[in-house]
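Note sheet for the following structure.
The values are calculated or read from the model by the stated rules, or taken from the named source; none is laboratory data. Predicted, not measured: the structure shown is a model, and the values here were computed from it. In this analysis, Cβ positions are derived from the backbone assuming ideal geometry, glycine residues included, and neighbour counts consider all displayed protein chains.
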Amino acid sequence: MGNLEGKRALITGASGALGAAMAERFARDGATVLLHANSRPESVEKLAASITAAGGKAECHVFDLRSDEACAAACAQMLEGGPIQILVNNAGVHDDAVLPGMRAEQWHKVIDVSLNGFFRVTQPLLLPMMRTRWGRILNISSVAAIAGNKGQVNYAAAKGALNSATKALSLEVASRGVTVNAIAPGIIASPMADAVFDAAVINQMVPVKRAGTPEEVAALAAFLASPEAAYITGQVISINGGMI
């Protein structure tokens, strides 16, 4: 029996490598995982099937984080099964361009998914979580929010705002047994990262000379979501191989 037994955990963006690794880890630790996707519902259905086959509990929820109405309806539906006590705001998109060449839609889309998506899901789930007097909110940030990255002013702005929201929200809910932390990964091996960073670039940028794995990030998330991490809140924790 894992230390998340009896907890329901929502992971947004569970169709990506990082979201899937966190879902698998949380399920292994005993949580019922609620897998969110939007553009790739088939990938979370496959993930749910593999989690279930391994003896875990999983369900799929497909909705658009850019829609107030879709998020409200999805959250209401999820809450019918009881409070969600672990929330991982993992969904995010890249649409890179240097700022002079960035289109308005690129700016708005990236901000909308990462930052407004955080609000649209966290706000309706918060009171039911607080009433249980136990909760964990994890916001997945990025090294780009801390160190900056050329071509990612929109992404860095969205994730930087998430870091600040983490600190402010942690103060609001601390007395109710709810912690709020952000995880800021560096270069993590995934199809998206592999297309951008080759081995030579990683060797130059990362002191430990390799990309991280989604499982390493999932291990940190699992610790922060656990009862043992009750005294850690309002933190932005980097996992980047010593980049900064």
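Rundown of residues vs (1) under 21 Å from Ala14 (Cα atoms); (2) hydroxyl-bearing (Ser, Thr, Tyr), yes/no style:
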position	(1), (2)
Asn90	yes, no
Gln123	yes, no
Arg131	no, no
Ile137	yes, no
Ser170	no, yes
Ser175	no, yes
Asn181	yes, no
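Take the residues of the stretch 108-118 that are under 14 Å from the mean Cα position of the chain (by Cα) and within 11 Å of Ser67 (Cα to Cα): which is surrounded by the fewest Cβ atoms within 10 Å (Cβ to Cβ)?
That would be Asn116.
Beta carbons closer than 7 Å, at least 6 apart along the sequence or on distinct chains, pair a first residue in the stretch 227-243 that is at pLDDT 95 or above and part of a helix (DSSP H, G or I) with a second that is surrounded by fewer than 17 Cβ atoms within 10 Å (Cβ to Cβ) and of a type outside the set (A, V, I, L, M, F, W, C) for Pro227/Asn3. Checked against (1) in contact with a Leu (Cβ under 6 Å, 6 or more places away or on another chain); (2) among the charged types (D, E, K, R); (3) more than 26 Å from Glu228 (Cα to Cα), Asp29 meets all criteria but (3).
Quick check on my filter: what residues within the stretch 221-244 are hydroxyl-bearing (Ser, Thr, Tyr) and either closer than 17 Å to Phe26 by Cβ or in contact with a helix residue (DSSP H, G or I) (Cβ under 6 Å, 6 or more places away or on another chain) (or both)?
Ser226, Thr233
Taking the stretch 119-139 as the range and being among the hydroxyl-bearing types (Ser, Thr, Tyr) and either under 22 Å from Ala37 (Cα atoms) or under 19 Å from the mean Cα position of the chain (by Cα) (or both) as the test, only Thr122 passes. Residue pairs whose Cβ atoms lie under 6 Å apart, sitting 6 or more positions apart in sequence or on different chains, and linking a residue in the stretch 89-102 that is closer than 23 Å to Val236 by Cβ to a partner that is part of a loop (DSSP other than H, G, I, E, B) and not aliphatic (A, V, I, L, M), are Asn89/Thr12; Asn90/Thr12; Asn90/Gly13; Ala91/Thr12; Ala91/Gly13; Asp96/Gly151; Asp96/Gln152. When residues in the stretch 1-24 are screened for being over 26 Å from Ala189 (Cα atoms) and either among the β-branched types (Val, Ile, Thr) or surrounded by fewer than 24 Cβ atoms within 10 Å (Cβ to Cβ) (or both), 6 of them pass.
Close Cβ contacts (under 7 Å, 6 or more residues apart or on different chains) running from residues in the stretch 107-133 that are at pLDDT 95 or above to residues that are among the charged types (D, E, K, R) and buried (at least 21 other Cβ atoms within 10 Å of the Cβ) comprise Ser114/Lys159. For the structure I just gave you, tell me whether Ala74 is over 19 Å from the mean Cα position of the chain (by Cα) and on the phi < 0 side of the Ramachandran plot. Taking the combined requirement at face value, the residue does not satisfy it. Taken residue by residue, the stretch 210-220 has at least one member that is farther than 24 Å from Asn139 by Cβ, surrounded by fewer than 17 Cβ atoms within 10 Å (Cβ to Cβ), touching a helix residue (DSSP H, G or I) at 6+ places or on another chain (Cβ under 7 Å) and in contact (Cβ under 8 Å) with a residue 12 or more places away in the chain. Of the helices (runs of 4 or more DSSP H) lying entirely inside the stretch 134-209, those containing at least 1 residues that are touching a Phe, Trp or Tyr at 6+ places or on another chain (Cβ under 7 Å) and not polar (S, T, N, Q) are 143-147, 153-173. Every test in (1) in contact with a Lys or Arg (Cβ under 9 Å, 6 or more places away or on another chain); (2) of a type in the set (A, V, I, L, M, F, W, C); (3) closer than 18 Å to His94 by Cα is passed by Ala225 save one, and that test is (3).
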